[in-house]
Amino acid sequence: MPISSMTGFARHSGERQGLFWQWEIKSVNGKALDVRLKLPQGFEALEVPVRAALASGFHRGNLQVTLSISGQIARETVRLNQDILDRLVQAGEALRERIGGEPLRADVLLSIKGVVEVASLPEDEADAEQRNAAILASFGEALSSLAAARREEGERLRAVVGAQVQRITDLSDAARANPSRSPDAIRARLAEQVSRLLETGAALDPDRLHQEAVMAATRADIQEELDRLQSHVEAAQALLASNEVVGRKFDFLAQEFNREANTLCSKSADRSLTAIGLDLKTVIDQMREQVQNIE
């Protein structure tokens with residue numbers, strides 16, 4: 001699959017028999033897959049399939065998933081409270097026999113609080129299953145939209161990181177070709193250092209001086225760092241072309257890039273080479289920020 005970002009947003013709505021719902025998913029970068037799910041009361045049965053779908057579709061990222069519900073779920077019915085009605089009729093008839101009056105009227109009795117009750121019938125199990133299936137199908141559409149958004153952002157990241165990897169290649173080549181690394185330049189620097197030591201009047205053993213010069217030249221050599229940088233560039237290019245989830249690998253590789261740039265700067269004995277090393281560090285830091293968003 002193409003590189004995906006961990007940043008994205010999706011929303012999808014649905015309706016069934018007067019019930020309206022809306023899924024909303026927000027995704028940001030994270031070290032692992034962390035899902036925060038908010039479901040309305042009465043829809044707890046959706047949690048397991050929703051989490052399973054998220055785990056199947058995504059590997060990393062902090063996801064906030066919210067389901068909003070509006071409309072009427074249960075059916076309503078009118079029920080006559082026969083016990084209260086009987087008591088009212090008995091009391092009314094007894095009172096009429098004592099003091100007289102018109103016979104009790106049905107509309108008056110029905111208007112008395114408690115005689116008529118509006119009750120909600122529980123949803124049929126088959127209806128509940130069909131309703132949940134429709135809501136989950138809508139969630140699947142939201143997941144597809146989120147995956148597409150993350151892939152689109154991932155393509156942008158691929159282009160940005162690819163350009164940064166190329167910049168690292170260019171700077172590495174510039175460091176490799178830097179005139180300060182030539183044997184003549186190294187000899188000139190060592191000769192200058194020796195000249196300064198001789199000016200102090202210190203007694204120097206020629207053999208020891210030669211050994212120190214060789215060691216100094218070895219410590220200043222950045223060939224290994226340049227070779228490792230080249231190896232890291234090839235690894236980065238392979239990750240950019242990969243169809244796997246590469247975010248963690250890229251994050252680790254960025255740290256390795258930074259390690260080599262730091263060593264190159266510490267070994268540099270020339271301003272121009274140090275400047276290249278600092279540019280390398282800047283580009284690598286920028287790349288590390290970008291790869292934090294790759295899934």
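Quick notes on this one:
- Among the candidates L67, L95, residue that is modelled with pLDDT of 80 or more and of a type in the set (A, V, I, L, M): L67
- Any chance A142 is assigned by TED's automatic domain parsing to the domain that holds S27 and either β-branched (V, I, T) or part of a helix (DSSP H, G or I) (or both): yes
- Residue in the stretch 10-36 that is nearest to A137 (Cα to Cα), counting only those that are exposed (fewer than 15 other Cβ atoms within 10 Å of the Cβ) and of a type in the set (A, V, I, L, M, F, W, C): F20
- Strands (runs of 3 or more DSSP E) lying entirely in the stretch 1-95 (those with 1 or more residues that are acidic (D, E) and within 18 Å of the chain's Cα centre (by Cα)): 19-28, 33-38
- If you filter the stretch 264-287 down to residues that are of a type in the set (D, E, K, R) and at pLDDT below 95, you find that the one that is surrounded by the fewest Cβ atoms within 10 Å (Cβ to Cβ) is R271.
- Residue that is farthest from the chain's Cα centre (by Cα), among those in the stretch 253-295 that are among the small types (G, A, S) and in a helix (DSSP H, G or I): S272
For every residue, the table says whether it meets (1) modelled with pLDDT of 85 or more; (2) out of contact with any strand residue (DSSP E or B) (no Cβ under 6 Å at 6 or more places or on another chain).
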site: G30; (1), (2): yes, no
site: D34; (1), (2): yes, no
site: F43; (1), (2): yes, yes
site: V48; (1), (2): yes, yes
site: E76; (1), (2): no, no
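- Which numbered condition N62 misses (of (1) closer than 30 Å to V118 by Cα; (2) polar (S, T, N, Q); (3) modelled with pLDDT of 95 or more): (1)
- Taking the conditions (1) assigned to a helix (DSSP H, G or I); (2) modelled with pLDDT of 85 or more in turn, Q193 satisfies each one other than (2).
The values are calculated or read from the model by the stated rules, or taken from the named source; none is laboratory data. All of these numbers come straight from a predicted model, not from anything done at the bench. Because the Cβ atoms are built from the backbone with ideal geometry, glycine has one as well, and the counts that use them run over all protein chains shown.
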